[in-house]
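Colleague: Below is one structure. I have some questions about it.
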């Protein structure tokens, strides 16, 4: 299905994304027809505030919608003190940042720890926490990720290096990645807390195509608790190195070779210049990465939110490979 271009909108209230949404079976709407396309039998329809009913997507008959309200209920029960920043599109995709009171230092900046939850009603951006899918998170060998919130540009930054055991392991992987994209490992680091064991059957039952909302909320509660207990991360170490990597005189060449569409590179360049003035700073790898992240999640594009996160991850590793070269 081809999607119209969309520009992520900002919101600070759950009500903007917790509108009614329901599945409608094609067989109920078209009782006189035989539905041959068995993989497309359920319409996902939402009623946006003040708008018409919107058809977000067509899914298989056993596909389960995860309502944003179900996510809110678990977050509110578990985290009494948080700020909310949501990036959402009119195509039914959501990136929900739960900004926590605790902070982490990156150079001279104070960033706030956060939980980044993704969800969608069009099926294009799967449910995930800190950039990891539900199925991956339920595997006890998966190392939990992290995210931080940077207020100066309202960026939510995911911990793309967190799955590595240590910095030397990440640098070794970067050497291979520079020769061609490599899959990031999902192994737990030695210092990571032991996660609860789940059977293969449990993981299979909790796949989004076969899940009940009460069971989803139960597991979401457990997963969020695990994420709230994570300590220092490898990605924060990489951020420190980014900030120490001066790119004056080289940033234009680096920008031109990033794995991004030309228009996004142009917008990242404009954002970089603005932050240089705002912070009275010379270009650094840190400012460049944040400029790209800002462009990715504010630009009008046909890219889904999931596409934008995948590009953000590629840019992070691309810059890390150069910073540690």
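All of the numbers you see were taken from the coordinates with simple rules; none came from a lab. Please read these numbers as outputs of a predicted model, since none were measured by experiment. Heads up, the Cβs are rebuilt from the backbone with ideal geometry, glycines too, and the neighbour counts pull from every protein chain shown.
Colleague: What full-extension length gain, to one decimal in nm, is calculated for residue 139 and residue 102 as 0.36 nm per residue of separation minus the Cα-Cα distance?
Modeller: Values: separation 37, 0.36 × 37 = 13.32 nm, distance 2.72 nm.
Separation in residues times 0.36 nm, less the Cα-Cα distance, equals 10.6 nm.
Colleague: Fewest Cβ neighbours within 10 Å first, please rank 257, 318 accordingly.
Modeller: 257, 318
Colleague: If you don't mind, there's one more thing I want to ask. Rounded to the nearest 0.05, what FRET efficiency is calculated for residue 213 and residue 166 with R0 set to 56 Å and r the Cβ-Cβ distance?
Modeller: Once the sixth-power term is evaluated, E becomes 0.90.
Colleague: Enter the Cα centre distance for the pair the range 150-177 and the range 6-69, rounded to the nearest angstrom.
Modeller: 35 Å
Colleague: Residue 178 to residue 254: extension gain in nm, 0.36 nm per residue of separation minus the Cα-Cα distance?
Modeller: Gain on extension, residue 178 to residue 254, equals 25.9 nm.
Colleague: Can you sort 285, 153 from fewest to most other Cβ atoms within 10 Å of each residue's own Cβ?
Modeller: Lowest to highest Cβ neighbour count: 153, 285.
Colleague: Give me the Debye-computed log₁₀ of I(q)/I(0) at q = 0.16, 0.23, 0.27, 0.28 Å⁻¹ for the range 19-59, equal point scatterers on Cα only, no solvent, two decimals.
Modeller: With one equal scatterer per Cα and no solvent, log10 I(q)/I(0) is -0.43, -0.74, -0.89, -0.92.
Colleague: Can you tell me the relative contact order of the range 19-59? Whole percent, Cα pairs under 8 Å, sequence separation 6 or more.
Modeller: On the way: 63 pairs, mean separation 16.4, N = 41.
Normalised by residue count, the contact order of the range 19-59 is 40 percent.
Colleague: What FRET efficiency would be calculated for the residue pair residue 246, residue 29, taking the C-beta separation as r and a Förster radius of 56 Å, to the nearest 0.05?
Modeller: Working: r = 60 Å, r/R0 = 1.08.
E(calc), rounded to 0.05, equals 0.40.
Colleague: Just 94, 56, 19 to compare: in a GNM of the chain, with alpha carbon springs under 10 Å, which one fluctuates most?
Modeller: Between 94, 56, 19, it is 19 that shows the largest mean-square fluctuation.
Colleague: How far apart, in nanometres, would the label points at residue 322 and residue 36 be if each is projected 7 angstrom from Cα along the Cα-to-Cβ direction?
Modeller: Using points 7 Å along Cα→Cβ, the separation is 5.2 nm.
Colleague: So for the range 41-114, averaging the separation of alpha carbon pairs under 8 Å that are six or more residues apart and normalising by length, what relative contact order in percent results?
Modeller: 18 percent
Colleague: Further question on the same structure: For Cα pairs less than 8 Å apart in space and 6+ apart in sequence, what is the mean separation divided by the residue count of the chain, i.e. the relative contact order in percent?
Modeller: Relative contact order here is 17 percent.
Colleague: Once label points are set 7 Å from the Cα along Cα→Cβ at both residue 232 and residue 274, what is their separation, rounded to one decimal in nm?
Modeller: For residue 232 paired with residue 274, the spin-label model returns 3.4 nm.
Colleague: While we're looking at this one, here's another question. Give the dimensionless ratio obtained when the Cα radius of gyration of the chain is divided by 2.2 N^0.38 Å.
Modeller: Scaled against compact globular proteins, the figure is 1.03.
Colleague: In the Gaussian network model of the chain, springs joining C-alpha atoms below 10 Å, which of 289, 63, 121 carries the largest mean-square fluctuation?
Modeller: Answer for the Gaussian network model of the chain: 63.
Colleague: Okay, moving on. When the chain is treated as a GNM, springs tying every alpha-carbon pair under 10 Å, which of 218, 110, 59 comes out with the largest mean-square fluctuation?
Modeller: Its mean-square fluctuation being the largest, the pick is 218.
Colleague: As a test of the formula, what do you get for the chain when each DSSP H run with n ≥ 4 contributes -39,500 (n - 2.57) and the sum is divided by the residue count, at 222 nm and rounded to the nearest 500 deg cm²/dmol?
Modeller: Numbers: 11 runs with 118 residues, N = 325.
Taken over the chain, the calculation gives -11000 deg cm²/dmol.
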